[in-house]
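Participant: Sending over a structure as structure tokens; questions will come in a sec.
The values are calculated or read from the model by the stated rules, or taken from the named source; none is laboratory data. The structure presented is a predicted model; accordingly, all values stated were derived computationally and were not measured. Here the Cβ is made from the backbone with ideal geometry for all residues, glycine too, and neighbour counts use every protein chain on show.
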Amino acid sequence: MAPGLVCATCGSRFVPDSPRLECTCGGLLDVVLGPEASAPDLRERFDRRRRGGEGGRDFESGVWRYRELVLPGSGPTVSHPEGNTPLYRRAAIGAWVGLDDLALKHEGENPSGSFKDRGMTVAVTQAVRRGATAVACASTGNTSASMAAYAAQAGLPALVFVPRGKVAAGKLAQALAYGARTLLVRGDFDTCLRLARESADKLGVTLLNSINPWRIEGQKTIVLEMLQQRDWEPPDWIVVPAGNLGNTAAFGKALLEARDFGLIRRLPRLAAIQAVGASPFYKSFRSGFRRRYRVKAETVATAIRIGDPASYDRAVRSIRETEGVVAAVRDAEILEAKAVVDAAGIGCEPASAAAVAGARQLVRSGRIARGDSVVAVLTGHLLKDPQAVLDFHRRPGRRANPPREIAARLAEVEKVLRGLAR
Ligand code: F0G
């Protein structure tokens, strides 16, 4: 297929530089890669760049290192740089999940503290190339924090739509600090996204939500970088939290391309994990994807508090083509998983912990075998949602670690220390 944009729903084609984000049928558009992607020495190129053996500031980025599969061409990029996130292994987390071979790809260690930076560097670069005058997004928090940072770097005005009262403190603080005009919308995320899409249509701002196909192209590099860190040996499973389904869509696309362009020989299976109170995709999966559901969402994991996911069609394809599964976990399971990840000294935000809770559920139900190799993606940093941490540790509970107030006397410290030594 020639390079361009193709509708994920009806297959219509558009030129690569088309400013459209949607097909005339309302479907979302996917990027079809150009001939650069079929270079026979792709792996060697990527490995050389990762070792620092190919000059150019861009290749310091864990996104632009894979340029042929992301946004070919040699124009300037708006890069922090981003990516290069670690794969952690911690025995305590593996034991809790029930796996010997569990690795955690910590996307919270990106510059703005979430995986969104990977998509944003590409979408903002493309927006600048097309002469955008302002950018906008609806967000549960992380997209807005990331867009605000990259827009500031590019010198573009940024407009953010977030659900009032439902965005974690760290994320809201970032959007304000990086200088985005931040609108607290009286409505949920799904309402914010409708308003942002309408504003893009009618007011000429460039929409940077993951319905923008260039966001998906950047987010593919979570998978590409993980595969490279494993010397191109795929795990059996990749587990990812799922809200608006941009990542689920991106991961499937990345895996199919990695196989088609010769980077890997076998496909891992994808497991997308939702919160029970925000699980329209899980409901659809249970119906064999015969029906699309829309729900009113509620969950402690505000990042994935989404009832009508935009990338639904693309995500269905990802699950089907990787023989994947979708699961849903309760808020209590999310918070327990988070406490386990946090107490191992790694830490993540609640939505990220859904992936770990989901992996545990799938092991317990036998879907994932105990001997399987599994990579779970931690999507956001612990400090994104400090209130969730404080609430958890101030309430009584087995894993709670409440703060203690003391008088400023050594005897009091000694008493505490004796308690710790036990
Ligand atoms: N984890 C975190 C920390 C997120 O911020 C998000 C999405 C997800 C998981 C789900 O990813 O939408 O690709 O399925 N956050 C968006 C935002 C919606 O606005 O920041 P998804």
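Participant: Quick check on my filter: what residues within the range 334-356 are free of Cβ contacts under 8 Å to residues at least 60 places away in the same chain, buried (at least 24 other Cβ atoms within 10 Å of the Cβ) and touching a Cys at 6+ places or on another chain (Cβ under 8 Å)?
Facilitator: Answer for the range 334-356, where residues must be free of Cβ contacts under 8 Å to residues at least 60 places away in the same chain, buried (at least 24 other Cβ atoms within 10 Å of the Cβ) and touching a Cys at 6+ places or on another chain (Cβ under 8 Å): just Lys338.
Participant: Oh, and also: If I filter the range 30-82 down to residues being among the acidic types (Asp, Glu) and free of Cβ contacts under 8 Å to residues at least 40 places away in the same chain, which single residue comes out as farthest from Val223 (Cα to Cα)?
Facilitator: So the residue we want is Glu54.
Participant: In the range 29-68, which residue that is crowded, with 21+ Cβ neighbours inside 10 Å and among the hydroxyl-bearing types (Ser, Thr, Tyr) is farthest from Lys116 (Cα to Cα)?
Facilitator: Tyr66
Participant: Out of Leu176, Leu207, which single residue is farther than 29 Å from Tyr66 by Cβ and at pLDDT 95 or above?
Facilitator: Leu176
Participant: So if I check each of Ala301, Ala327, which one is out of contact with any His (no Cβ under 6 Å at 6 or more places or on another chain), within 12 Å of the ligand (Cβ to nearest atom) and under 30 Å from Gly397 (Cβ atoms)?
Facilitator: From the options Ala301, Ala327, the qualifying one is Ala301.
Participant: Please tell me if Leu176 is part of a helix (DSSP H, G or I), away from the ligand (no atom under 15 Å from the Cβ) and over 19 Å from Ala200 (Cα atoms).
Facilitator: So Leu176 fits the description; yes.
Participant: Among the residues of the range 129-167 satisfying the criterion of being farther than 18 Å from Ala351 by Cβ and polar (S, T, N, Q), which is surrounded by the fewest Cβ atoms within 10 Å (Cβ to Cβ)?
Facilitator: Thr133
Participant: Quick check on my filter: what residues within the range 267-280 are assigned to a strand (DSSP E or B) and either of a type in the set (S, T, N, Q) or on the phi > 0 side of the Ramachandran plot (or both)?
Facilitator: Scanning the range 267-280 gives a single hit, Gln274.
Participant: Within the set of pairs 6+ apart or on separate chains, which have a first residue in the range 163-174 that is over 12 Å from Gln387 (Cβ atoms), a second that is modelled with pLDDT of 95 or more and among the hydrophobic types (A, V, I, L, M, F, W, C), and C-beta atoms under 7 Å apart?
Facilitator: Filtered contacts from the range 163-174: Pro163/Val185; Pro163/Phe189; Pro163/Cys192; Arg164/Leu184; Arg164/Val185; Gln174/Ala145; Gln174/Ala148.
Participant: Within the range 237-253, count every residue that is more than 8 Å from the ligand (Cβ to nearest atom) and over 25 Å from Gly371 (Cβ atoms).
Facilitator: 1
Participant: Every residue in the range 210-265 that is out of contact with any strand residue (DSSP E or B) (no Cβ under 6 Å at 6 or more places or on another chain), among the aliphatic types (A, V, I, L, M) and not in a loop (DSSP other than H, G, I, E, B), please.
Facilitator: Matches in the range 210-265: Ile216, Ile222, Val223, Leu224, Leu227, Ala249, Ala250, Ala254, Leu255, Leu256, Ala258.
Participant: Have a look at Lys338, Lys283 and point out the one that is within 12 Å of the ligand (Cβ to nearest atom), farther than 25 Å from Asn212 by Cβ, of a type outside the set (A, V, I, L, M) and in a helix (DSSP H, G or I).
Facilitator: When all the criteria are applied, what remains is Lys338.
Participant: Hey, any hits in the range 349-359 for a residue that's within 17 Å of the chain's Cα centre (by Cα), charged (D, E, K, R) and in a helix (DSSP H, G or I)?
Facilitator: No: the range 349-359 contains no residue that is within 17 Å of the chain's Cα centre (by Cα), charged (D, E, K, R) and in a helix (DSSP H, G or I).
Participant: Scan the strands (runs of 3 or more DSSP E) fully inside the range 73-168 and keep the ones with 3 or more residues being of a type outside the set (Gly, Ala, Ser) and within 16 Å of the ligand (Cβ to nearest atom).
Facilitator: So the answer is 101-106, 158-163.
Participant: Hey, can you tell me all the residues within the range 5-19 that are surrounded by 14 or more Cβ atoms within 10 Å (Cβ to Cβ) and modelled with pLDDT under 90?
Facilitator: Within the range 5-19, Ala8, Thr9, Pro16 qualify.
Participant: What about Ser318, is it within 15 Å of the ligand (Cβ to nearest atom), in contact (Cβ under 8 Å) with a residue 60 or more places away in the chain and under 18 Å from Gly252 (Cβ atoms)?
Facilitator: Considered against the rule, which asks whether it is within 15 Å of the ligand (Cβ to nearest atom), in contact (Cβ under 8 Å) with a residue 60 or more places away in the chain and under 18 Å from Gly252 (Cβ atoms), Ser318 comes out as yes.
Participant: In the range 200-233, what residues are farther than 23 Å from Ser114 by Cα and either within 16 Å of the ligand (Cβ to nearest atom) or crowded, with 19+ Cβ neighbours inside 10 Å (or both)?
Facilitator: Ala200, Val205
Participant: Would you be able to tell me the number of residues in the range 385-411 that are farther than 19 Å from Asp342 by Cα and in contact with a Lys or Arg (Cβ under 9 Å, 6 or more places away or on another chain)?
Facilitator: So the count comes out to 1.
Participant: Pull up the range 69-97, narrow it to residues that are small (Gly, Ala, Ser) and surrounded by 15 or more Cβ atoms within 10 Å (Cβ to Cβ), then point me to the one that is farthest from Ser38 (Cα to Cα).
Facilitator: Restricting to residues being small (Gly, Ala, Ser) and surrounded by 15 or more Cβ atoms within 10 Å (Cβ to Cβ), the top hit is Gly94.
Participant: Additional query: Are there any pairs with C-beta distances below 6 angstrom linking a residue in the range 240-253 that is farther than 12 Å from Asp313 by Cα to a residue that is of a type in the set (A, V, I, L, M, F, W, C) and near the ligand (Cβ under 7 Å from one of its atoms), with the two at least 6 apart or on different chains, and if so which?
Facilitator: So the pair list comes out as Pro241/Ile304; Pro241/Ala351; Gly243/Ile304; Gly243/Ile306.
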